1. Residue by residue through segment 138-181, note down the ones that are among the polar types (S, T, N, Q) and in contact with a Ser or Thr (Cβ under 9 Å, 6 or more places away or on another chain).
2. Consider Thr427 carefully, then state whether it is at pLDDT 85 or above, hydroxyl-bearing (Ser, Thr, Tyr) and over 30 Å from Glu247 (Cα atoms).
3. Among (1) in a helix (DSSP H, G or I); (2) surrounded by fewer than 21 Cβ atoms within 10 Å (Cβ to Cβ); (3) touching a helix residue (DSSP H, G or I) at 6+ places or on another chain (Cβ under 9 Å); (4) not assigned by TED's automatic domain parsing to the domain that holds Arg357, where does Arg326 come up short?
4. Residues of segment 288-306 being more than 39 Å from the chain's Cα centre (by Cα) and buried (at least 16 other Cβ atoms within 10 Å of the Cβ), which ones?
5. Can you name the residue in segment 430-455 that is part of a loop (DSSP other than H, G, I, E, B) and surrounded by 17 or more Cβ atoms within 10 Å (Cβ to Cβ) and, of all such residues, is modelled with the highest pLDDT?
6. Checking the structure you have, find out if any residue of segment 85-102 is surrounded by 13 or more Cβ atoms within 10 Å (Cβ to Cβ) and under 28 Å from Phe220 (Cα atoms).
7. Inside segment 307-319, can you point out the residues that are assigned to a helix (DSSP H, G or I) and exposed (fewer than 15 other Cβ atoms within 10 Å of the Cβ)?
8. Sort out which residues of segment 113-151 are part of a strand (DSSP E or B) and either touching a helix residue (DSSP H, G or I) at 6+ places or on another chain (Cβ under 7 Å) or in the same structural domain as Ala670 (by TED's automatic domain parsing) (or both), and write them in order of number.
Amino acid sequence: MAAIVVVIAFAGALVWLVWRSPHRSDLSTFGAFAVAVIVPAASLVVYLTKVRQAGDTGRGRPLDELADSLAVAVTEQWTRAALERRLLQPEPIPVQWERSSRPLAGPVSAAVESRQFPPLPGLLSAVPALLRGGPLRDLHAVYGSLGSGRLVIIGEPGSGKTGAAVLLVLAGLEYRQQVPSQDRPPVPVPVMFTWHGWDPNTQRVGDWLAAQLQETYPLFGGKGGKAEAAGLVKAGRIAVILDGLDEIAEELRPVALRALSQQAALRVVVLARSFEMAAAAQQGFLEGAAVLELQAVDAATAADYLTRVQLDPPPRGWSELTGRLRREPGSPIAKALSNPLTLTLVRDTYRSGDDVRELLDFCDAVGDVSGEDIQDHLLDRVLPVAYTLPLGAARPRYELEEARRALGYIAAGMSREGTRDLAWWRTPAWAPAAPRVITTGVVFGLVFALARPVYGLVGGPVFAYLYILGDRGKSPVQRAPLRWRHLLSRNSLMPALLYALVGGALCGLFGLAARVGAGRTAALAAGVGIGVGLAGALAAGLTRSATDDASPLTPRASWRRDKAFGLAVGLIVGLGLSLGIGLGIGFILALGLGTHMAGHLTAIVSGLVWVLLYGLVFGLLFPRTWTVSLTFAQLAMRWHTPARLLRFLDDARQRDVLRTVGPVYQFRHARLQDRLAGQAAPNEPQA
């Protein structure tokens with residue numbers, strides 16, 4: 001209704017001013033202009049009336065459709081993650097769990113006798129016997145049958161908590177897919193996030209989860225995406241698995257657990273180290289939760305696993321290793337390999353031939369070797385193995401020492417932030433902002449100075465100030481993939497025409513109010529207003545368009561979409577302004593208000609080209625990718641890291657040093673991050 005009133009008011013005001021104009025010689029000219037405005041105005045009124053009568057509530061896509069699309073995205077994300085972590089091939093390390101006897105939650109009866117959540121279709125209600133213990137494949141039955149819907153999984157560092165969570169997510173998705181479609185709505189989509197960035201004192205659980213969904217999945221890109229994500233959370237269409245309690249401040253952990261206890265819409269699984277959970281539970285625990293503890297891998301099981309991932313018959317060194325594990329289950333190496341982290345390090349850093357003898361020699365050479373010494377020795381092998389040339393392979397893009405230095409500084413920066421997530425848009429916090437502000441001002445000043453030096457003197461400081469206002473270290477707004485056909489649809493074009501009409505009418509009214517050259521001023525201002533209105537509406541349409549894209553977002557895809565969005569907005573703004581100025585000049589020439597301007601056609605065309613260029617430069621410099629690119633250059637000068645840092649990070653991912661979780665990178669092992677951070681140069685520059 002408001003849009004209809006605006007259209008009628010502006011069109012009526014324009015016609016009234018034309019009629020009251022004292023410049024009778026201009027009356028026919030502006031009458032023609034007014035008619036050209038009123039005709040689309042009437043069309044827009046009819047269209048908006050039909051939309052309103054049709055009851056277009058704008059409530060978004062149905063929850064069933066959103067949940068199914070999210071399930072596809074989550075399946076692709078965590079299947080890829082499971083393959084990267086080698087959780088599917090070879091088969092997972094056979095870790096066992098038992099119900100914990102530690103005082104971390106209430107009585108088991110509070111978990112199994114609750115009626116908050118009915119068991120998932122096809123499952124029976126949980127009984128205490130179900131929680132005694134079992135393999136990882138039984139976790140889904142526990143998760144899906146607990147009446148409280150709350151599960152806590154604890155373990156020592158490297159005990160396989162994250163791997164267990166990934167397998168639980170995939171089991172939940174596979175189960176949901178097998179449920180008949182008519183019974184699927186009450187089966188939630190399991191999603192997994194880390195705790196990093198959540199302050200439960202200032203942000204409610206549902207709001208934070210909705211923001212995490214929008215940041216991770218393109219499905220929720222654009223205007224209204226967060227509202228759709230919040231709708232899924234509120235309706236209990238997701239189940240949330242939270243990993244890494246240590247990623248938030250110690251004083252916030254009990255607050256966060258109490259906040260999770262106070263919500264009743266979602267099934268919740270919390271993974272944490274035993275020590276952190278025990279400390280937090282003294283002040284606040286997850287009410288109604290069943291607590292399961294991952295167990296160490298016994299020596300015989302470790303030997304069987306290593307045998308399955310080697311040649312048959314295995315090389316002599318491998319036979320000696322597995323034989324020692326079976327004969328000496330209490331030896332230091334057997335104790336070290338009771339940890340899934342150490343087992344995977346042995347599997348991945350001794351890849352061929354008889355090279356595992358090096359590990360046996362290390363254990364025999366060190367007098368009083370401990371499990372931690374063995375683990376550190378294996379961690380120190382990760383980079384040499386990843387960046388050493390295999391026989392016949394092409395020369396690696398990055399040398400070992402370069403990679404070691406860069407990854408050490410990166411690990412130290414992440415550790416200072418207290419996070420396991422390496423988000424490219426957070427790296428500006430690692431370097432001072434002043435050089436980026438100065439660089440932005442200089443670049444814009446030079447571009448503007450190409451047209452006229454005085455423009456550079458003004459434009460440089462202005463855009464440097466605008467950069468300061470926009471450089472707040474926030475994550476990039478989730479973008480749907482750019483599809484230009486969305487801008488040519490009725491849903492985008494009709495609002496664009498409305499804004500163009502309003503902008504043109506408003507600017508035309510200001511032009512009529514001018515005392516000098518009222519006709520020319522009004523015509524030019526109206527044209528510019530139309531161009532600005534079109535550009536603004538179409539640029540806003542890029543953020544409004546919903547998408548059914550079910551592909552999870554990777555760091556490089558997030559980077560490319562942010563850059564593409566900026567260029568698209570810059571192109572639209574440049575074209576819109578050029579079109580507006582061109583329309584204004586066309587009005588003046590066509591209506592005979594400035595025939596002498598025809599002699600300056602070259603200057604006019606040149607001006608339009610400059611406007612388009614400015615729009616493109618604006619679009620290039622103001623996405624988050626511009627800020628981060630400058631940061632990468634700063635880090636390259638201070639830390640001697642690769643200038644194209646994102647390419648380096650993706651190369652490290654391909655070498656199994658890093659892994660991707662949604663739009664962020666993580667070190668393959670959390671202990672590897674800690675080890676590299678501790679080995680970083682002692683005179684490391686501080687941000």
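The values are calculated or read from the model by the stated rules, or taken from the named source; none is laboratory data. Note that this is a predicted model, so its numbers are computed, not measured. Don't worry about glycine lacking a Cβ; one is built from the backbone with ideal geometry, like all the others, and counts go over all protein chains shown.
1. Ser145, Ser148, Ser159, Gln177
2. no
3. Going through the list (1) in a helix (DSSP H, G or I); (2) surrounded by fewer than 21 Cβ atoms within 10 Å (Cβ to Cβ); (3) touching a helix residue (DSSP H, G or I) at 6+ places or on another chain (Cβ under 9 Å); (4) not assigned by TED's automatic domain parsing to the domain that holds Arg357, Arg326 breaks only (4).
4. Across segment 288-306, the qualifying residues are Ala299, Ala303.
5. Let us first name the residues in segment 430-455 that are part of a loop (DSSP other than H, G, I, E, B), namely 431-433, 450-452.
Narrowing further to those that are surrounded by 17 or more Cβ atoms within 10 Å (Cβ to Cβ): 431, 433.
On the way: Ala431: 89, Ala433: 86.
Top of the filtered list is Ala431.
6. yes
7. Passing the criteria: Arg308, Arg316.
8. First, pick out the residues of segment 113-151 that are part of a strand (DSSP E or B): 133-135, 150-151.
Listed by number, the residues that qualify are Arg150, Leu151.
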